[in-house]
Protein chains: 2
Amino acid sequence: MGTTQLDSVQEPKYWHLKTVLSEALDSEFSVGEILPNERDLAARFGVARATLRQALEQLELEGRLQRRRGVGTTVAPPRVGVAVGGEQHAWPGGPGDAWQATDCVQQVPPAAVAAALETGADEPVHTVRRARTSGGQRVATELLYIPADSVPGLTAIDAPSGPARARTVLRELHRLEPEGQDRAVELGSARADDARELDRLPGSPVLVVTTRFTAEGRTAALSVATYRADTCRLTFGDTAGVEIHHDPERRAS
Amino acid sequence: MGTTQLDSVQEPKYWHLKTVLSEALDSEFSVGEILPNERDLAARFGVARATLRQALEQLELEGRLQRRRGVGTTVAPPRVGVAVGGEQHAWPGGPGDAWQATDCVQQVPPAAVAAALETGADEPVHTVRRARTSGGQRVATELLYIPADSVPGLTAIDAPSGPARARTVLRELHRLEPEGQDRAVELGSARADDARELDRLPGSPVLVVTTRFTAEGRTAALSVATYRADTCRLTFGDTAGVEIHHDPERRAS
DNA sequence: CAGTGGTCTAGACCACCCC
DNA sequence: GGGTGGTCTAGACCACTGG
């Protein structure tokens, strides 16, 4: 008798817990199903609630679970592939664009943005807010910065803000000949306003996609898009993207 | 007298703490500097250590801090931009490739990989392990799966495993005419083996880049690369990538 | 060895959702 | 109101690093 398995290398409890839960999710639960509440789960596994939560947090980070305050913890569907880099050399707001403009104001951008746009630190730029939906769910928000130089034909007479203004600004931007774009992706945490729009808590992990559009040898526009990291897989390139469902402890070997 | 600031909307302590610390990092610390230890910091701010840690975790996630057990918490340098999508239609291991092969074995891949490769579930494939270094630091590890069909000229006589074998497999792969590649990026958590190679703890956040290489109408190779999310900014596109340093509560507005 | 961050506990209260 | 997840506390011990 006795334990058949030596605890030769001690593994953190939450790590082991995560593995056990992950396997249970694969075999005993289906998408959308509600898990037992955290207090019950912790009791069942004989750990403190904080320890259980550490395991749940990781599973949520990996897109396997979805937790909602006041509701419960549910099994998440596989991540949605959202195309990010498909059409090279196309303006935002062009045909086939998945974004919807919700607002536009003229304001002084953050210093880092002003530097990238090569505008003065106190110079206001057109700032378009847009949102992206996939499968009926909001998956990303964006701030699109367009210096006044890029839209010279814009008249101050038009609506000064709001969606109509956004459309006008984008229409003017399209008069330029697009030259190219660079993109960068990094991990971030949701600001309070983005979190609200994405139906997440502030600080939730997000993928920040920064795109610089160039025309006439200058930076014509700069986009900072914030994608929910738990539900999105960003796809680039020729087709719809690779369909590997990500399963951390079994990716390899 | 009295409080000049109403606590009209209650903000979590760790969130406020994060803001305060973030500002202190900007103004009072320089890159590489060591912060006071967690117990002292918690005492200084009048919170429990767990609360303080919640704030530090977020700052580490955002790439502002680096924490090492037994050493301390230091101010992190800005994220490194690592080029991911530069040259379209090029094989891994070609000229200018930033990766270094460390090993190669022939083994049965995970089920999800076999599905993407369109090989049988029990069919072994060449599996090349590679590593990527930037600025003297290991930033990513990769598993590159190459089905036997893609390298028909390979002889079993050569070294059966190790770096030499990896070079042979890649050389044979280069005989094919590359047709295209898709890529996907998503958030993941480091497996134990990747964590060791990246000098991080298991479960640390990573950016998983999955690339499918196609040739002759088939999937010729599949790469699953794991980048440290705390230190890397993945860049795509024409040039070196956008240089916006990411500052969550000041990205916009 | 002393000091650091990492893990874990057993509680408490709060914000939110739905009935 | 009752149940959920989110925040917070005040401890304890462990694993790792460095002198």
Of (1) modelled with pLDDT of 95 or more; (2) surrounded by 12 or more Cβ atoms within 10 Å (Cβ to Cβ); (3) not aromatic (Phe, Trp, Tyr), B:Glu11 fails just (1)
Which pairs do you get when a residue that is in contact (Cβ under 8 Å) with a residue 60 or more places away in the chain, found in the range B:56-82, comes within reach of a residue that is within 16 Å of DNA strand D (Cβ to nearest atom) and basic (Lys, Arg), reach meaning Cβ atoms under 7 angstrom, with the pair 6+ apart or on two chains?
B:Glu60/B:Arg67
Output yes when any residue across the range A:31-47 is within 12 Å of chain B (Cβ to nearest Cβ), more than 28 Å from B:Asp182 (Cα to Cα) and within 13 Å of DNA strand C (Cβ to nearest atom), and no when none is.
no
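Filter the range B:220-231 for residues that are more than 7 Å from chain A (Cβ to nearest Cβ), part of a strand (DSSP E or B) and surrounded by 22 or more Cβ atoms within 10 Å (Cβ to Cβ) and give the result. Before you say what the answer is, go through the steps one by one.
First, the residues of the range B:220-231 that are more than 7 Å from chain A (Cβ to nearest Cβ): B:220-223, B:225-228, B:230-231.
Retained after the next criterion (residues that are part of a strand (DSSP E or B)): B:220-223, B:225-228.
Correct list: B:Ala220, B:Ala221, B:Leu222, B:Ala225, B:Thr226, B:Tyr227, B:Arg228.
Give me a count of the residues in the range B:164-197 that are away from chain A (no Cβ under 14 Å) and out of contact with any Phe, Trp or Tyr (no Cβ under 7 Å at 6 or more places or on another chain).
The number of residues fulfilling the criteria is 12.
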Go through the range A:49-107 and give me each residue that's under 26 Å from B:Ser204 (Cα atoms), over 15 Å from the mean Cα position of the chain (by Cα), among the small types (Gly, Ala, Ser) and surrounded by 18 or more Cβ atoms within 10 Å (Cβ to Cβ).
A:Ala55, A:Ala76
Let me confirm something: among A:Arg183, A:Arg196, A:Arg200, A:Arg138, which residue is crowded, with 19+ Cβ neighbours inside 10 Å, within 16 Å of DNA strand C (Cβ to nearest atom) and at negative phi?
A:Arg200
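The values are calculated or read from the model by the stated rules, or taken from the named source; none is laboratory data. These numbers come from a predicted model, not from an experiment. Using ideal geometry, Cβ is built from the backbone for each residue, glycine included, and neighbour counts are taken over all protein chains shown.
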